[in-house]
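The values are calculated or read from the model by the stated rules, or taken from the named source; none is laboratory data. No experiment lies behind these values; they were computed from the predicted model shown. No Cβ is skipped: glycine too gets one built from the backbone with ideal geometry, and neighbour counts run over all protein chains shown.
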Amino acid sequence: MSGEAVVAAPGASQLRLIRRLDVGGLVLSIIGLGAAILWAFPLYWSIMTTVIPPGGHSSGSALTDIGNALGLYAHVLFGTEIGLWYVNSIVTSTGVTVGVLFISATCGYAISQLAFNGRKLLWGMILASFMVPIQALIINHFFLMNALHLINTWLGVILPQLIAPVAVIVYKQFFDSVPKELREAALLDGAGHWSLLFRVFLPVNWGVTAALAIIVFIGAWNAFLWPFLAVTEEPLMNISVGITQAQEIFGVGELAGAILTGLPVALVYLIFQRKVTDAIIVSAGIKG
Amino acid sequence: MAKAPRLDNRTALPFVLPFVAVYGLLFLYPTLQMIWMSFTNSQLIVPGKFVGLDNYLYLFRDWRFGRAVSNTIYFVAMTAIPSTALGLGIAMIVARLKGRVQAIVLALFFLPYVLPVATVTTIWGWMLGYPDGVLQGLIALVVGHPVRVFRTVSWILPAVAVVTLWWTSGFNVLLFLAGLRAIPPELYEAAKLDGGGRWTQFRHITWPLIWPVTALVFTIQLILQLKLFDQLYLYVGGGQVDATLVLVQYIYSLGFQKDRGGYAATVAVALFVIVMALSVLQFTVLRARGRR
């Protein structure tokens, strides 16, 4: 859709305009935009429903409607234990994120940069467990967490979620491509491997860490099955589970609760779009 | 990769120890214990006696297990291919757009994927609400009357499949988009010069070059959809669910509702074996892709 076409010589101009505009492409773009709006309609609709409930009438003034909606959200926020659930979700998701990144970066560094007995075996096992169905282990995770008295604790929610071989694979691949000269220079300066990892390898791959951190956090926030099994007391639940058990909210309050549950991750995604997409592409093995 | 002349076992130990400890305690040990448990009559948290192959033999006589397998296959069939096709179709549309518009359109398609399951099921539960959810008009148009979607057995799995497609297809879009961007534009220019139309371009350039990504996305979807639990559980709950029973839900119900840990572990082993077999398939596909 270039502007040049518009100033083309008269006569042939219309034909050229059509060719330049690439009618087929334009139609596809419009279809694309239309499809995207249709795709996102459930999101728009659910938000609007909390503003003007079905069967309810708009008060005629947008201000009053929004006031009512704010009242509804306030009721959900303060009439339930949602505040506690937010805290639980933030603590456990942060714990999972820090834990996964730490054990993966150190292990990925060792596999990439150090020679040690069992290195090949460890790498093979990590690759082999790339796609393990963690869901198959719920019985035994419960058994173990129960034996360790970690049911109904933050740690009990966090621990089984630390299994993420993909993060090791991603780190190993990125560490492999760090220029050798950087490593040699630092080692000559007398730096040990820990400072090499934290002063050179991690800072050089800062983008990878940020991207992984965001998707691991979103994944932990959204996790349902394990947090649902590991916690039986309402005040200790994550929001992703608690909101499905809340007795205090009903009617459009349910929708408002669902929106409040998804809002933090939706915002994280919208703010860090590029990082999220990069992380997903890298960890699926498309490139990297 | 650095080929150090000597072994740094002592240096490496603290680097690998955290991962190895977590992996050993929370993956290897539970996996081995699951296999052991599957030969016993344990309860969920009370160890039981060794019963040999009893649990495995029972699998073949257990109609619920059969139902869970066939429902799981039914659900995977309704989701794996459609979500792969949707992903490719949407990615091709998004790839044509430029700049801001592209970013916005991609974000709209991708947003559902980052939402928690409860958000997704609540929104769709409302839209499919009986009798006056916004989608009931559409349902009435097709079948002539509104339907209690999540109370009608034949509607439950297809409806959960639709919700799942909406929820998870954005992930596929991303992978396909990365694949499409890797196709050199010159190929399309050349095809245009040869007078090839859109369809010819798709047949002879896009499809063969995107095929490896298609195979990857499809196998990822196979494995992912096989593990269905959350959405279905939130719609039909822990109550009378035999009719729509799927594998993970069966493991959950055996272990946590019927306290039959040993047999639950047996079903879990079956799921494990199925997923591992599919992973090998995926690995083969990826290797084949690497060779091209």
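Tabulated data for the structure shown
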{"read-out": "Residue that is nearest to the chain's Cα centre (by Cα) [pool: residues in the range A:165-177 that are surrounded by fewer than 24 Cβ atoms within 10 Å (Cβ to Cβ) and in contact (Cβ under 8 Å) with a residue 40 or more places away in the chain]", "value": "A:166"}
{"read-out": "Evaluation of residue A:247 against (1) polar (S, T, N, Q); (2) in contact (Cβ under 8 Å) with a residue 60 or more places away in the chain; (3) more than 8 Å from chain B (Cβ to nearest Cβ) (one fails), failing number", "value": "(2)"}
{"read-out": "Pair list, Cβ under 8 Å, 6 or more apart: the range A:141-160 residue in contact (Cβ under 8 Å) with a residue 24 or more places away in the chain, other residue aromatic (Phe, Trp, Tyr) and assigned to a helix (DSSP H, G or I)", "value": "A:141/A:226; A:142/B:256; A:151/A:142; A:157/A:226; A:160/A:226"}
{"read-out": "All helices (runs of 4 or more DSSP H) inside the range A:146-237 with 2 or more residues being of a type in the set (A, V, I, L, M) and more than 10 Å from chain B (Cβ to nearest Cβ)", "value": "A:154-158, A:165-176, A:180-188, A:206-222"}
{"read-out": "Filter result for the condition that a residue is crowded, with 18+ Cβ neighbours inside 10 Å, at pLDDT 90 or above and over 26 Å from residue A:75 (Cβ atoms), over A:230, A:284, A:279, A:266", "value": "A:230"}
{"read-out": "Answer from B:66, B:48 - the residue that is over 18 Å from residue A:136 (Cβ atoms) and either assigned to a helix (DSSP H, G or I) or at the interface with chain A (Cβ under 10 Å from one of its Cβ atoms) (or both)", "value": "B:66"}
{"read-out": "For residue B:202: the one exception among (1) farther than 28 Å from residue B:123 by Cα; (2) away from every other protein chain (no Cβ under 13 Å); (3) hydrophobic (A, V, I, L, M, F, W, C)", "value": "(2)"}
{"read-out": "When residues of the range A:105-122 are limited to those that are more than 7 Å from chain B (Cβ to nearest Cβ) and within 26 Å of the chain's Cα centre (by Cα), the one nearest to residue A:213 (Cα to Cα)", "value": "A:105"}
{"read-out": "Test set (1) of a type outside the set (Lys, Arg); (2) facing another protein chain (nearest Cβ under 7 Å); (3) within 27 Å of residue A:87 (Cα to Cα); (4) touching a residue at least 24 places away in the same chain (Cβ under 8 Å) - residue A:137 fails condition number", "value": "(4)"}
{"read-out": "Subset of the range B:10-45 that is within 9 Å of another protein chain (Cβ to nearest Cβ) and among the polar types (S, T, N, Q) - its residue that is surrounded by the most Cβ atoms within 10 Å (Cβ to Cβ)", "value": "B:42"}
{"read-out": "Verdict on residue A:142 being outside any helix (DSSP H, G or I) and either assigned by TED's automatic domain parsing to the domain that holds residue A:187 or buried (at least 24 other Cβ atoms within 10 Å of the Cβ) (or both)", "value": "no"}
{"read-out": "Some residue of the range B:116-139 being over 19 Å from residue A:41 (Cβ atoms), without any contact (Cβ under 8 Å) to a residue 24 or more places away in the chain, more than 7 Å from chain A (Cβ to nearest Cβ) and surrounded by fewer than 23 Cβ atoms within 10 Å (Cβ to Cβ)", "value": "yes"}
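To keep it simple, each residue is scored yes or no on (1) touching a strand residue (DSSP E or B) at 6+ places or on another chain (Cβ under 6 Å); (2) surrounded by 15 or more Cβ atoms within 10 Å (Cβ to Cβ); (3) at pLDDT below 90.
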position: A:68; (1), (2), (3): no, yes, yes
position: A:105; (1), (2), (3): no, yes, no
position: A:127; (1), (2), (3): no, no, yes
position: A:149; (1), (2), (3): no, no, no
position: A:161; (1), (2), (3): no, yes, no
